[in-house]
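One structure is given here, and the rest of the page talks about it.
Bear in mind these aren't lab numbers, they're just calculated from the coordinates by the rules spelled out. As the structure is a prediction and not an experimental result, all values here were calculated from the model. Here the Cβ positions follow ideal geometry from the backbone for every residue, glycine too, while neighbour counts run over all protein chains shown.
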Amino acid sequence: MLSRVLLLFFLVILIFLANGFINPIPERKADSSFKPIYGTSYSFEQAGWYGLNPRGTYIKLLDDFNFDWIRLPFFWDQMLTDGEFNKNFDDLKFAIGEAQKRDIKIIIALGAKTPYFPEYHWPKEIEKQVKFGQRITLDHPVAKDILDIDEKVVRELSVYDNIIYWQVENEPLIGNVNRWKIDPSLIAKEVETVRQADPKKRPIILNHAAVGFYDRSWQKLLPILSSGDVFAANAFFKTKGTDLFNFKILGREVHMLWPDHLVWPVQPWFVFSPDFKSMKTKAEEKGAKFWVLEMQAEPYIKKLDEADDPYLTFTAGDIEKGNNFLRSYRIESVGLWGANFWLYKEKSGDYSYTKAVKSIVE
């Protein structure tokens with residue numbers, strides 16, 4: 001009898017797991033009359049990595065798509081030289097100015113941890129002061145440097161009227177490859193610094209990765225927000241890690257690299273997946289808006305030749321499925337993640353991704 005119960009239990013688990021991998025983007029009933037506001041993120045550095053003309057590709061993005069907003073990251077290590085803004089920072093100003101000509105709004109992501117690999121875009125002299133796995137608190141030696149750079153960036157860019165939000169840090173409570181995290185005490189001080197530095201007192205965005213039901217750390221960000229601010233989550237559907245397994249044996253670290261075509265589905269686990277409904281409710285109770293800053297709209301690409309793989313793990317058709325999934329939650333604004341990839345594929349003769357995005361946005 002016990003063996004039958006165990007067999008049935010394992011069969012149910014197997015079906016549950018199989019369904020998650022077969023249907024990684026769940027179908028949910030959405031109101032066909034509801035349409036979010038759409039935006040995207042853009043990196044001049046990543047455009048160059050793809051072999052694209054960074055400024056020309058950015059102009060194409062503005063002109064060919066009907067996005068309401070563009071999120072632009074500040075890269076501390078690349079945009080500052082000897083304490084002064086350099087030509088890479090001029091790219092940021094160029095991007096804001098070109099968007100302003102077209103009446104497109106801008107979100108500036110600033111701080112130590114901003115979008116795009118390797119996430120922490122800070123100078124080497126700052127990095128040397130942070131140990132592996134360290135939580136960066138308000139009393140950490142680099143905290144003052146972070147606050148100073150926040151203020152410097154905001155004062156420099158506050159003259160642009162089309163900047164609508166300042167995003168303070170990106171996924172600050174989630175560790176990167178070095179397991180660095182930013183403590184809410186420092187995030188709160190950063191938000192205060194940004195508000196004081198901006199003469200127009202524009203609202204703030206704080207975001208979280210939304211990795212699963214078990215992660216409730218995002219609730220620590222809500223008390224920092226004020227009415228009119230935005231709490232945002234990221235919505236990824238097919239994720240990949242660096243290692244499939246890593247462990248220590250006899251004092252040695254053993255790593256099993258993540259297989260190329262294997263992805264982990266994030267959303268189809270029912271109560272075990274991120275709870276966007278709860279996030280939205282909690283944010284709105286605080287008087288804040290709830291957005292998705294990054295909805296996956298590209299596969300994971302770590303090496304350039306992976307972008308030309310005929311068996312990509314995230315297809316153009318998945319973009320529409322992901323959009324329908326988020327629309328079911330009636331989320332006010334959604335950022336589609338993958339602009340540089342879409343435009344690289346278009347240059348290579350594959351228009352499927354740009355067509356899928358345009359059909360959603362327009």
Checklist entry - Reachable lysines from K303, Cα under 18 Å, same-chain residues fewer than 8 places away excluded? => result K238, K240, K345, K347
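What is the sum of charges, Lys and Arg at +1 and Asp and Glu at -1, for the other residues whose Cβ falls under 11 Å from the Cβ of S328? Working shown, then result.
Values: positive: R28, K29, K277, R327, R330; negative: E27, D31.
In short, +3.
With +1 on the Cβ of every Lys and Arg and -1 on the Cβ of every Asp and Glu, and nothing else charged, how large is the dipole of the chain about its Cα centre, in debye rounded to the nearest 20? All intermediate terms of the calculation are to be shown ahead of the outcome.
Numbers: 47 positive and 49 negative charges, 198 e Å.
Result for the chain is approximately 940 debye, rounded to the nearest 20.
List the chymotrypsin sites (Phe, Trp or Tyr not before Pro) in segment 108-199 that DSSP assigns to loop (not H, G, I, E or B) and whose Cβ has at most 14 other Cβ atoms within 10 Å. Which are they?
On the way: sites: Y116, Y120, F132, Y160, Y165, W166, W180; in loops: Y116, F132, Y160, W180.
Counting only loop positions with at most 14 other Cβ atoms within 10 Å, the chymotrypsin sites (Phe, Trp or Tyr not before Pro) in segment 108-199 are F132.
Going by average Cβ neighbours within 10 Å, how do the peptides 16-26, 216-226 rank, with the highest at the top?
On the way: 16-26: 15.2, 216-226: 16.7.
Result, highest mean Cβ count within 10 Å first: 216-226, 16-26.
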Checklist entry - In degrees, nearest 10, range 0 to 90: what is the angle between the Cα axis of helix 184-197 and the longest Cα principal axis of the chain? => result 30 degrees
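So which of K189/K289; K113/K289; K29/K113; K101/K358; K113/K286 end up more than 30 Å apart, counting from Cα to Cα? Show your work: numbers first, answer last.
Details: K189/K289 21 Å; K113/K289 22 Å; K29/K113 35 Å; K101/K358 21 Å; K113/K286 25 Å.
Exceeds cut-off: K29/K113.
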Next on the checklist: If you average the C-alpha positions of segment 209-226 and of segment 285-325 separately, how far apart do those two centres end up, in angstrom?
Outcome noted: 21 Å
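Taking segment 259-362, which trypsin sites (Lys or Arg not before Pro) meet the DSSP loop condition and have no more than 14 other C-beta atoms within 10 Å?
Numbers: sites: K277, K280, K282, K286, K289, K302, K303, K321, R327, R330, K345, K347, K355, K358; in loops: K286, K302, K303, R330.
The qualifying sites are K302, K303, R330.
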Checklist entry - Which whole-number percent gives the relative contact order of the chain, counting Cα pairs below 8 Å spaced six or more residues apart? => result 20 percent
Item to check | segment 1-88: GluC sites (Glu not before Pro) in DSSP loop, at most 12 other beta carbons within 10 Å | outcome: E27
